[in-house]
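Since the structure comes first, as structure tokens, the remarks are kept for the end.
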Amino acid sequence: MQELHIDRDPGVPLASLAPLTTLRLGGPAKRLVTATTDDEVIAAVREADESGTPLLIVAGGSNLVIADEGFDGTVLRIATRGFDLAGSRLELAAGENWSKAVARTVEAGLAGVECLAGIPGSAGATPIQNVGAYGQEVSSTLAEVVAYDRRKGEVVTLTNAECDFSYRHSRFKADPAGHVVLRVRFALEDAEGLSAPIRYAETARLLGVEAGDRVPAAQAREAVLRLRAGKGMVLDPDDHDTWSAGSFFTNPILDETAFADFVDRVRERLGPDVAPPAFPAGEGRTKTSAAWLIDKAGFTKGYGQGPARISTKHTLALTNRGSATTADLLALAREVRDGVHEAFGVTLTNEPVMVGCAL
């Protein structure tokens, strides 16, 4: 087993964890370990578990909100690499850059993840959150996850069904101390260079096609990148609208009673002819739009006076304008969450993982 690469002496306080996150927020950690192989990942996790040391795993840092106080334990940065494409079967190491991996699948003429282009972060994080956008979800093409089972102390392979996927959720998110993702395997589609059927209305409109049509996969990817860039969702160090964790809140899913109450609140506030966005989400359940709720509750693009504000391009992104603290960001998030609840009776749930803090 290879020796771990330790970035700093364990006894010396580390610099801020902020540079490891897309929000550029977070205090210091006691120890930072960078692992470039699966064996190094496993060794670091075992060492922390056996010693009872708190462990925080970071890769792309695109879905983390870390407290200003930092993390009192070991931070393991996964920097493994590996892109193995055999026919339409793809295996990615957990540390692979997700957006670049999507580009390579499109270049190979394969379909299934082209509408997940531009999403920041690592491949290993995608099954944890069941990443989805523009009509596609990771769970639709993911075949297996190779992970280190922290309780059994062994490497296991989990099927798609065993990952317990649901909207922005999985067994890995439900039980973060259970597994560490090492590799992800996908079963993509060889559609002779065409995309999967376009499911998202906004993408279809931009492409000039009907929902359900296929287009060249490269065109679908470029359309999604244009849409994401227009919303500040493609990383750009010079654009503070991209200093975010992407969508900060998930789209609420309401049962029949809750949705009926919600519709009544909308009509009372906005008028009898206003209908909120509504999408089927399983028997007796309806999904609505968090972005719509935020906007209609009065939190428009660019809202805020301090160093943490809503993006000027998209109401779902809470951004660091350059000098924010995590406390600033959380204050804004609470204001938005509470304002939406007061207006519409719906409680928004944060999408990014909170480390040492909570809403």
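The values are calculated or read from the model by the stated rules, or taken from the named source; none is laboratory data. If you're wondering where the values come from, they're calculated on a predicted model, not measured in any experiment. All Cβ positions, glycine included, derive from the backbone under ideal geometry; neighbour counts span all protein chains shown. Accessible surface is based on the protein model in full, side chains and every heavy atom, while ligands, DNA and RNA are left aside. Shrake-Rupley method; radii C 1.70, N 1.55, O 1.52, S 1.80 Å.
Miscellaneous remarks
- Scope region 111-120; condition open to solvent by less than 10 Å² (accessible area, probe 1.4 Å) and aliphatic (A, V, I, L, M); matching residues: 111, 113, 116, 117
- Between 319, 312, 242, 286, the distinction of being open to solvent by 50 Å² or more (accessible area, probe 1.4 Å) and among the β-branched types (Val, Ile, Thr) belongs to 312 only.
- Residues in region 139-177 that are touching an Asp or Glu at 6+ places or on another chain (Cβ under 7 Å), open to solvent by less than 60 Å² (accessible area, probe 1.4 Å) and more than 12 Å from residue 127 (Cβ to Cβ): 150, 156.
- Only one of the numbered conditions (1) more than 23 Å from the chain's Cα centre (by Cα); (2) surrounded by fewer than 18 Cβ atoms within 10 Å (Cβ to Cβ) is not met by residue 36, and that is (1).
- Residue satisfying condition, being at pLDDT below 95, of a type in the set (A, V, I, L, M), within 16 Å of residue 176 (Cα to Cα) and crowded, with 18+ Cβ neighbours inside 10 Å, within set 29, 59: 59
- Only a single criterion out of (1) touching a strand residue (DSSP E or B) at 6+ places or on another chain (Cβ under 6 Å); (2) farther than 22 Å from residue 168 by Cα; (3) of a type outside the set (Val, Ile, Thr) is not satisfied by residue 85, namely (1).
- Whether a residue is modelled with pLDDT under 95 and of a type in the set (S, T, N, Q) was assessed, and residue 129 passes this test.
- Of the strands (runs of 3 or more DSSP E) contained entirely in region 269-333, those carrying at least 2 residues that are touching a residue at least 40 places away in the same chain (Cβ under 8 Å) and of a type outside the set (Gly, Ala, Ser) fall at 318-320.
- Lone qualifier among 261, 238 - being out of contact with any Leu (no Cβ under 8 Å at 6 or more places or on another chain), of a type in the set (Asp, Glu) and part of a loop (DSSP other than H, G, I, E, B): 238
Rundown of residues vs (1) farther than 30 Å from residue 68 by Cβ; (2) in contact with a Leu (Cβ under 8 Å, 6 or more places away or on another chain), yes/no style:
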position	(1), (2)
244	no, yes
251	no, no
266	yes, no
282	yes, no
297	no, no
310	no, yes
317	no, no
342	no, no
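- Of all residues in region 141-164, those that are in contact with a Ser or Thr (Cβ under 7 Å, 6 or more places away or on another chain) and not charged (D, E, K, R) total 3.
- All of 53, 80, 34, 22 fail the test of being under 17 Å from residue 353 (Cα atoms), among the polar types (S, T, N, Q) and either in a strand (DSSP E or B) or at pLDDT 95 or above (or both), apart from 22.
- Considering region 280-298, the residues that are under 18 Å from residue 315 (Cβ atoms) and not small (Gly, Ala, Ser) include one that is farthest from the chain's Cα centre (by Cα), namely 296.
- Flag if residue 228 is open to solvent by less than 50 Å² (accessible area, probe 1.4 Å) and modelled with pLDDT under 95: no
- Candidates in region 208-221 are the residues that are open to solvent by 40 Å² or more (accessible area, probe 1.4 Å) and either among the small types (Gly, Ala, Ser) or in a helix (DSSP H, G or I) (or both); of these, the one that is nearest to residue 110 (Cα to Cα) is 218.
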